[in-house]
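Undergrad: Sharing a structure below in structure tokens format, with a few things to ask.
The values are calculated or read from the model by the stated rules, or taken from the named source; none is laboratory data. The model shown is predicted, which means the values in this text are computed figures rather than measured ones. Note that each Cβ is placed from the backbone with ideal geometry, even for glycine, and that neighbours are counted across all protein chains shown. Heavy atoms of the whole protein, side chains included, go into the accessibility calculation; ligands, DNA and RNA do not. Shrake-Rupley method; radii C 1.70, N 1.55, O 1.52, S 1.80 Å.
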Amino acid sequence: QVQVAESGGGLVQTGGSLRLSCVVSAHTFAVYAMGWFRQGPGKEREFVAALNWNGARTSYADTVKGRFTISKDNARNTVFLQMDSLKPEDTAIYYCAAVLPRTPYALVEATEYPSWGQGTQVTVSS
């Protein structure tokens, strides 16, 4: 079982920034595809950002494109989500997901990820 642990959530003001971190226990983290998803109050879990196995391909939800950046540090088994220009609608529990992929693409469907973190709360005040 691959362990995934998010951190870095918190309370920020509109327009502020926050960086989420996700540590993955996989021995072969460098070849994992990673994704970030979120679930806001009363909403379904939705895709936020994804990174393919070698970091060459990314995908972002239209709602966060240009504001959020996904990246990873293989030496630290960590994936990051840099969130800038935060809006109240970004308020959600953010989840990190990992998968040993069968394709070279950034994966945007939650069902494609077998390993998930517990979530970290991000609250953006208006």
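Undergrad: Between Gln121 and Ser85, what is the spin-label point distance in nm, taking each point 7 Å from the Cα along the Cα→C-beta axis?
TA: For Gln121 paired with Ser85, the spin-label model returns 2.8 nm.
Undergrad: Read phi for every residue in the range 80-93 and hand back ³J(HN,Hα) as whole Hz from Karplus 6.51 cos²θ - 1.76 cosθ + 1.60, θ = phi - 60°, with x for Gly and Pro.
TA: Taking θ as phi minus 60°, the curve returns 10, 10, 7, 10, 10, 6, 5, 10, x, 5, 7, 4, 4, 8 Hz for the range 80-93.
Undergrad: Give the residue list of GluC sites (Glu not before Pro) in the range 6-52 that are DSSP loop and have at most 10 other beta-carbon atoms within 10 angstrom.
TA: Within the range 6-52, the qualifying GluC sites (Glu not before Pro) (loop, at most 10 other Cβ atoms within 10 Å) are Glu44.
Undergrad: Let me ask another. Quick check: net charge around Tyr95, other residues with Cβ under 9 Å of its Cβ, Lys/Arg +1 and Asp/Glu -1?
TA: So the surrounding residues net to +1.
Undergrad: Give the longest segment of the chain that steers clear of trypsin sites (Lys or Arg not before Pro) in DSSP loops with at most 16 neighbouring Cβ atoms within 10 Å, not counting the sites themselves.
TA: In short, 1-42.
Undergrad: For the chain, which whole percent of the accessible surface, found with a 1.4 angstrom probe, sits on carbon and sulfur atoms?
TA: Exposed carbon and sulfur together represent 49 percent of the surface.
Undergrad: How much accessible area per residue does the chain have, in Å², with a 1.4 Å probe?
TA: 51
Undergrad: Over the range 1-115, what is the mean sequence separation of C-alpha contacts under 8 Å (at least six apart), divided by residue count, expressed as relative contact order in percent?
TA: Relative contact order for the range 1-115 comes out at 34 percent.
Undergrad: About the Cα centre of the chain, what is the dipole size in debye to 20, counting +1 per Lys and Arg Cβ and -1 per Asp and Glu Cβ, all else neutral?
TA: 200
Undergrad: With a Förster radius of 41 Å, plug the Cβ-Cβ distance of Asn54 and Leu11 into 1/(1 + (r/R0)^6) and report the FRET value to the nearest 0.05.
TA: For Asn54 and Leu11, the calculated efficiency is 0.75.
Undergrad: Report the net charge of residues surrounding Phe37, where surrounding means a beta-carbon distance below 12 angstrom and charges are Lys +1, Arg +1, Asp -1, Glu -1.
TA: Residues close to Phe37 contribute a combined charge of -2.
Undergrad: Where in the range 1-100 are there chymotrypsin sites (Phe, Trp or Tyr not before Pro) that are in a DSSP coil and have at most 14 other Cβ atoms within 10 angstrom of their Cβ?
TA: When the chymotrypsin sites (Phe, Trp or Tyr not before Pro) of the range 1-100 are filtered for loop state and at most 14 Cβ neighbours within 10 Å, nothing remains.
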